[in-house]
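One structure is given here, and the rest of the page talks about it.
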Amino acid sequence: MDVSQYLEIFIDESSEHLQSLSDCIMNLEKEPDNKETINEVFRAAHSLKGMAGTMGFKRMQHLTHDMENVFQEVRSDKIAVDSAMIDLLFKCLDALDGYLANIKASADEGTEDNEIIIKELNDFIARANGNKDASALAKTQSAADTEPESVSVGKRVRKIELSDSEKKEVSGARAEGKKVYSITVYIQKDCLLKAARAFLVFRAVEGVGRILVNRPSSQDIEDEKFELDFSFCVASNESLDKIIAAAKNVSEIEEVVGEEITEDVARAEEEVRTQPANDPAKADTPKTTESKQTAPANKKQTPAKPATNRTVRVDIEKLDALMNQVSELIIAKNSLVSISSTEGGSFSSQGFHEQIEYLERITTNLHESVMKVRMVPIESVVNKFPRMIRDLSRTLNKKMELYMTGEDTELDRTVVDQIGDPLQHLLRNSADHGLENAELRAERGKPETGTIFLNAYQEGNNVIIQVGDDGNGIDVEAVKAKAVERGVITQEQADVMTQKEAVNLLFMPSFSMAKKITDISGRGVGLDVVKSNIEALGGDVEVKTKLGEGSTFTVRLPLTLAIIQALLVTVREEKYAIALASITSIEDIPVKDIKYVEAREVIHLRDSVIPLVRLDRVLDIEPKAEDGDNLTVVIVKRGDQQAGLVVDNLIGQQEIVIKSLGKYISGNKLISGATILGDGEVALIIDANTLM
Amino acid sequence: MADYKIESQEVETKQYIVVQIGNEKYGIDIRYIDNIVRMQKITRVPKAQSYFKGVINLRGEIVPVMSIRKKMGLEDDVITDASRIIILKVEEKGSLGVVVDQVREVITLNIAEIDKSGVSAKNAKDTFINGIGKNGEELISLFEISAILEEREMN
């Protein structure tokens with residue numbers, strides 16, 4: 001049986017199991033006695049082992065098996081969870097991550113055996129069991145009895161109706177002095193790879209006996225044409241228990257029950273007993289062995305190709321909504337067709353307009369649904385952070401705790417994929433530079449354990465992710481001094497700099513505040529990379545800090561990248577689009593209200609002074625000789641900064657599809673893209689953020 | 001591509017589209033040409049390199065359009081009814097439009113007959129040319145596509 005078709009499922013599920021293992025082990029560290037967590041860990045390790053085995057990843061299977069053994073000992077209270085063990089378990093997870101990365105890249109687990117880790121694991125068990133031989137345990141992989149499965153009562157052996165040739169088969173085997181058992185295997189309800197499980201059961205059972213008959217047929221089993229159970233007859237010299245144990249060793253098997261086929265069943269066949277039984281029954285067994293051989297062969301054909309595509313798991317409800325809207329779209333189309341055909345060309349314009357409106361509504365909904373399909377929770381990115389903070393706490397020798405909220409906040413898949421690194425940088429920064437050492441914290445009257453937080457939430461068309469700590473905060477004077485020393489700014493500039501401007505110096509390339517370079521941060525490639533990564537996603541980042549009390553980095557990201565609501569404006573003959581999300585209001589300002597501050601035009605609006613930006617000037621358009629009496633001003637904001645863009649006219653609000661200007665036109669930060677208007681004309685999109 | 005190979009077994013040839021820019025005729029390797037479109041409204045892009053005239057909407061895609069004249073350091077284009085935009089398609093960087101005064105014809109040149117000796121780096125304009133082809137009595141300068149795509153400007 002070829003397992004390569006299951007590779008993607010395998011990778012997906014393994015990542016999930018690894019994540020839940022990591023979460024659980026973190027929990028375990030906090031509450032070593034939580035039985036539920038231990039059980040969950042055990043289950044995850046067990047499933048992982050089973051899946052790795054199915055896919056033929058032996059090394060991965062071996063490692064998880066040994067991990068499972070450790071959990072087993074914990075579960076039966078033979079070893080207590082201690083920090084050495086947690087460390088070791090995390091090492092295992094890293095090794096497993098390594099295997100998974102290899103599999104993702106090349107569909108092969110690689111050749112690293114991780115013997116040291118395995119040995120350490122076995123040492124653990126050995127210590128727990130006193131004098132029990134550790135190396136022997138390592139080799140008990142195939143022995144089945146490590147898993148105590150709870151025996152459920154409701155499962156019964158299914159009666160197998162035998163055909164004539166199969167009857168001969170059964171009695172033939174009995175004639176050879178073997179025992180024939182009828183076995184029914186029940187697979188767990190949530191098992192994804194039923195056929196693979198069945199195949200594994202057959203392989204396990206063939207180790208101890210010969211399968212004579214199976215129900216449904218082996219072809220149907222391979223095609224997964226069965227419910228949650230399948231049955232077979234097996235001839236063997238071994239006891240029933242041993243065969244059941246072999247079958248149970250396969251993971252995700254809920255229950256295996258069996259009984260010996262007794263005289264009564266076979267009696268009917270007494271008369272044909274003498275006939276040699278071979279061919280028809282053997283047809284089943286070679287089939288399975290044959291497919292077993294093709295599996296590795298098939299895998300070898302595609303070694304170097306990356307094994308996975310980027311996928312999004314979509315909630316079925318979202319797909320249903322999409323489907324409904326497509327149906328509506330078809331109805332709307334049909335209505336339009338009927339309007340144009342039935343009334344012989346002279347269709348009523350009212351009906352026509354109604355349909356257009358209907359169509360408009362559907363396309364808007366459809367767009368929303370499609371965007372929702374692309375949305376994934378940021379959980380997939382942030383859930384690796386608790387582990388990271390734990391490791392950092394160790395290496396930095398500082399006590400710290402990470403508090404996260406809003407992990408279920410959703411963002412466009414492309415954004416989520418790329419937000420991981422910047423966030424990681426910020427968290428590392430907090431851990432390394434932000435939090436003070438224990439003495440200083442005590443001196444300042446702060447709790448010994450430092451707090452790092454990550455809060456995510458949605459705000460309008462943006463998602464806000466705040467990362468911060470209750471540590472030292474940014475020493476603005478130190479930053480200025482450093483900048484002057486590096487020649488980034490002059491002393492005079494430093495003297496007049498606001499706190500905000502000074503903090504922004506941190507985002508300049510190659511500006512590291514770390515007094516000594518550490519593993520974690522301080523190579524000066526941190527914050528400027530964070531900033532450029534986030535800006536590349538159409539977002540921005542801001543810092544709020546108070547010396548001695550901590551700092552907060554606020555990352556603002558657009559919900560989606562492809563389609564936005566925009567205000568269309570004209571400046572002379574040209575049309576431009578401004579993202580609605582950045583607009584706060586549109587004002588009609590009398591020219592006489594314009595004031596001057598430091599020779600720059602400003603307006604005074606609702607208690608704030610807002611600088612004016614003449615769009616014609618920044619866009620290299622000939623300025624008008626004379627202003628009219630009033631100016632149309634679009635007020636835009638970015639964080640707490642505002643600016644007033646002077647435009648000639650407003651066209652209106654529109655949903656626009658953002659297109660890139662391509663790679664040829666460069667040096668253009670002001671224009672973030674272009675869009676195609678209804679009449680086919682191109683309008684450029686102004687990135688208002690660059691004007692502040 | 002297949003046809004090209006079959007031909008190449010006999011005589012190695014290349015096909016060029018001949019365009020007119022000013023008084024001169026230039027050949028563009030046909031393999032790089034995706035499309036030739038009529039002059040249409042070009043949306044100016046502020047702050048772009050000066051030789052970019054702007055962007056156009058080519059069947060729903062935004063395609064930047066370049067003035068090859070300005071890039072070569074010649075006077076600005078005079079747009080007439082004969083003006084065309086040649087859409088070049090290059091794998092890595094996507095489509096690019098180039099404005100030409102007129103599109104003349106498609107010619108097939110024998111590679112052996114392309115004169116490369118006349119190409120020198122002395123004249124700035126010549127660096128956009130990788131050879132001279134002869135079409136009957138006419139001389140045709142053959143564009144080096146990569147030079148057109150490169151980000152630099154001749155003055």
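Odds and ends about this structure:
- Output for segment A:633-653, where each listed residue is over 38 Å from the mean Cα position of the chain (by Cα) and touching a residue at least 60 places away in the same chain (Cβ under 8 Å): A:Val634, A:Leu645, A:Val647, A:Asp648, A:Asn649, A:Leu650, A:Ile651, A:Gly652
- Reported count of residues in segment A:614-629, each being away from chain B (no Cβ under 14 Å) and outside any loop (DSSP other than H, G, I, E, B), is 0.
- Picking from residues in segment A:646-690 that are surrounded by 17 or more Cβ atoms within 10 Å (Cβ to Cβ) and of a type in the set (Asp, Glu), the one that is farthest from the other protein chains (Cβ to nearest Cβ) is A:Asp648.
- Of the residues making up segment A:423-436, those that are under 26 Å from A:Asn27 (Cα atoms) and in contact (Cβ under 8 Å) with a residue 40 or more places away in the chain are A:Leu423, A:His425, A:Leu426, A:Leu427, A:Arg428, A:Asn429, A:Ser430, A:Ala431, A:Asp432, A:Gly434.
- Residue match in segment A:62-85 (condition: without any contact (Cβ under 8 Å) to a residue 24 or more places away in the chain, under 24 Å from A:Ala126 (Cα atoms), in a helix (DSSP H, G or I) and under 23 Å from the mean Cα position of the chain (by Cα)): no
- Some residue of segment A:530-539 being part of a strand (DSSP E or B) and of a type in the set (Lys, Arg): no
- Any chance A:Thr675 is more than 16 Å from B:Val45 (Cβ to Cβ) and in a strand (DSSP E or B): no
- Segment B:76-90 residues that are over 11 Å from B:Gly22 (Cα atoms), paired with ones that are at pLDDT below 90 and among the basic types (Lys, Arg) (beta carbon under 9 Å, 6 or more apart): none
- Lone qualifier among A:Thr570, A:Thr632, A:Thr545 - being more than 14 Å from chain B (Cβ to nearest Cβ), farther than 30 Å from A:Glu436 by Cα and assigned to a strand (DSSP E or B): A:Thr632
- Filtered residue count, segment B:50-84, keeping only those that are in contact with a Lys or Arg (Cβ under 9 Å, 6 or more places away or on another chain) and surrounded by 15 or more Cβ atoms within 10 Å (Cβ to Cβ): 20
- Enumeration of residues in segment A:646-672 that are small (Gly, Ala, Ser) and in a loop (DSSP other than H, G, I, E, B): A:Ser660, A:Gly662, A:Ser666, A:Gly667
- Restricting segment B:19-54 to residues that are within 14 Å of chain A (Cβ to nearest Cβ) and charged (D, E, K, R), the residue that is nearest to B:Ile132 (Cα to Cα): B:Asp34
- Taking the criterion of being over 16 Å from B:Phe128 (Cα atoms), more than 10 Å from chain A (Cβ to nearest Cβ) and under 15 Å from the mean Cα position of the chain (by Cα), the residues of segment B:55-85 that qualify are B:Asp77, B:Ser83, B:Arg84, B:Ile85.
- Residues in segment A:635-645 that are part of a strand (DSSP E or B) and either among the hydroxyl-bearing types (Ser, Thr, Tyr) or exposed (fewer than 14 other Cβ atoms within 10 Å of the Cβ) (or both): none.
- Residue within segment A:88-111 that is in a loop (DSSP other than H, G, I, E, B), surrounded by fewer than 19 Cβ atoms within 10 Å (Cβ to Cβ) and among the β-branched types (Val, Ile, Thr) present: yes
- Enumerated strands (runs of 3 or more DSSP E) restricted to segment B:1-116, each holding at least 3 residues that are closer than 30 Å to A:Asp616 by Cα: B:52-58, B:61-67, B:94-100
The values are calculated or read from the model by the stated rules, or taken from the named source; none is laboratory data. Note that the coordinates shown come from a computational prediction; the quantities given were computed from them, not determined experimentally. All Cβ positions, glycine included, derive from the backbone under ideal geometry; neighbour counts span all protein chains shown.
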